[in-house]
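Report on the structure given below.
The values are calculated or read from the model by the stated rules, or taken from the named source; none is laboratory data. Computed from a predicted model, the values in this text were never measured in an experiment. Glycine gets a Cβ as well: all are built from the backbone with ideal geometry, and neighbour counts include every protein chain shown.
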Amino acid sequence: MKKCICYYSLVCFLLVTVACKREVAGPAVKDDRIPEPLRDVTIENLNGAVRISYELPDDADLLYVKARYTTRQGTVRETKVSRYNRSILVDGFGDTSDYKVSLYAVDKSENSSPAVDVTVRPLEPPIWIVRRQLKLVPDFGGINVKYTNPGEQDLAIVVLANDSLGRFAPQATKYTNLKTGDFSTRNMPDVPTKFGVYVRDRWGNISDTLITQLTPLFEALLDRTKMKGLTLPSDAPLGYGGSIAGLFDGNTTSGFYHSGDAARMPQWFTYDMGVTAKLSRLAWFMRPGFYYTLHNPREVEIWGSNNPSPGGSFDDSWTLLATATQTKPSGLPEGQLSQADIDAALAGYTVVFPLNTPKVRYIRFKTLKNWSNGTYVNFYEIMMWGDTK
């Protein structure tokens, strides 16, 4: 009986405590005293933004400073900074027009000071800076887009083309905050095609669209059933049930390559594509469940030949076609994966070959470093594209 009474008392105490907490929710200090307005306001116009500096009123109750403006589309945007700041960055402007920004000092009771209105004129937004410097050239199965983003802003670069229904619609979107970079669209026929490219920021501001007509270079997925291993004397020994054939079984979750205990870095294996082709790209797929870790290749060289030396040496019969270093999109520590990491792993890591790559039949996949800095190489599939004509 005593246990029941104690349990009942505890429940009542918790209910009363929660009720009391709800009653006192809100500012700990509540009054009706309105803070004085900000003083000595100065403006620094930036690209797509403005920095506004100020002096705070003498008010020990002050909590934060708020800036508010209205976009050309009628959206009201607010920015807040704590009372310990002496400036506020107001961003998201999509053009260089004049804007009225209202500044408020707000206290712990959420009392706002009278507004201090200032007129700002931001400099050219990053979307227009990036848009103006875009460079488009034909690529295998699509186009290549080169960009410069000097402010390293978070931007999206969107490529448009006609879809299967004839609609001029997005075909690829590149999200980036890199200072420079490039990316390519794929899987398009080698016919004259109208392309459009525009730049969007995280506030939804959009540049105008660069329109051009280009003809993608021909490429086709090479027939994996014609590919087979070619074991040469200097190739890495196999182990742990791995085989070169596993890389061409059409399955990214079963059948795999795994080097043996005697292998050391750098190491390589050789295979015959079954056809002579001018290669456009190669994609490899990591071991499921071990993305960006363990024995998956990280730094590689891709070599090509039409008449490999039977002794297995890298002599004049081999040509270096491409080098690549796999990166983890999120940059998270080992063992932690973002959705972007998983999506990239499922899509395969792509090595793009230069446009002047010579036609070859035999490939050497050379690993300089894996993700664990160990001595094994283990992954699950290879796919290749090119022109056999």
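Restricting the search to segment 255-279, which residues are within 21 Å of Ala344 (Cβ to Cβ) and either at pLDDT below 95 or of a type in the set (A, V, I, L, M, F, W, C) (or both)? Result: Phe256, single match. In segment 151-164, the residues that are closer than 11 Å to Lys194 by Cβ and in the same structural domain as Phe195 (by TED's automatic domain parsing) reach residues that are of a type in the set (Ser, Thr, Tyr) and assigned to a strand (DSSP E or B) with C-beta atoms within less than 7 angstrom, at least six apart or across chains, in these pairs: Ala161/Thr193. Scanning segment 211-237 for residues that are more than 25 Å from Val352 (Cα to Cα) and either in contact with a Pro (Cβ under 9 Å, 6 or more places away or on another chain) or crowded, with 17+ Cβ neighbours inside 10 Å (or both) returns Leu232, Pro233. So which of Asp98, Asp154, Asp117, Asp107 is out of contact with any Gly (no Cβ under 9 Å at 6 or more places or on another chain) and modelled with pLDDT under 95? From the options Asp98, Asp154, Asp117, Asp107, the qualifying one is Asp154.
Can you spot a residue in segment 332-341 that is out of contact with any helix residue (DSSP H, G or I) (no Cβ under 9 Å at 6 or more places or on another chain), outside the structural domain of Phe183 (by TED's automatic domain parsing), surrounded by 15 or more Cβ atoms within 10 Å (Cβ to Cβ) and within 21 Å of Gly255 (Cβ to Cβ)?
No: zero hits.
Within segment 296-330, track down each residue that is modelled with pLDDT of 95 or more and under 16 Å from Phe285 (Cβ atoms). Asn296, Pro297, Arg298, Val300, Ile302, Ala324, Gln326 - these are the residues of segment 296-330 that are modelled with pLDDT of 95 or more and under 16 Å from Phe285 (Cβ atoms).
Filtering segment 201-210 to residues that are surrounded by 13 or more Cβ atoms within 10 Å (Cβ to Cβ) and farther than 16 Å from Phe168 by Cβ leaves Asp201, Trp203, Asn205, Ser207.
Out of Ser259, Ser184, Ser243, one residue alone is touching a residue at least 60 places away in the same chain (Cβ under 8 Å), closer than 30 Å to Ser317 by Cα and surrounded by 13 or more Cβ atoms within 10 Å (Cβ to Cβ). It is Ser259. Taken together, the residues in segment 192-210 that are within 27 Å of Val352 (Cα to Cα) and either assigned to a strand (DSSP E or B) or assigned by TED's automatic domain parsing to the domain that holds Leu279 (or both) amount to 9. A count restricted to segment 247-293 and to residues that are farther than 12 Å from Met383 by Cβ and either hydroxyl-bearing (Ser, Thr, Tyr) or not assigned by TED's automatic domain parsing to the domain that holds Ala324 (or both) stands at 10. When Pro170 is evaluated against the numbered criteria (1) without any contact (Cβ under 8 Å) to a residue 24 or more places away in the chain; (2) in a loop (DSSP other than H, G, I, E, B), which criterion, by number, is the only one it fails? So the condition that Pro170 fails would be (2).
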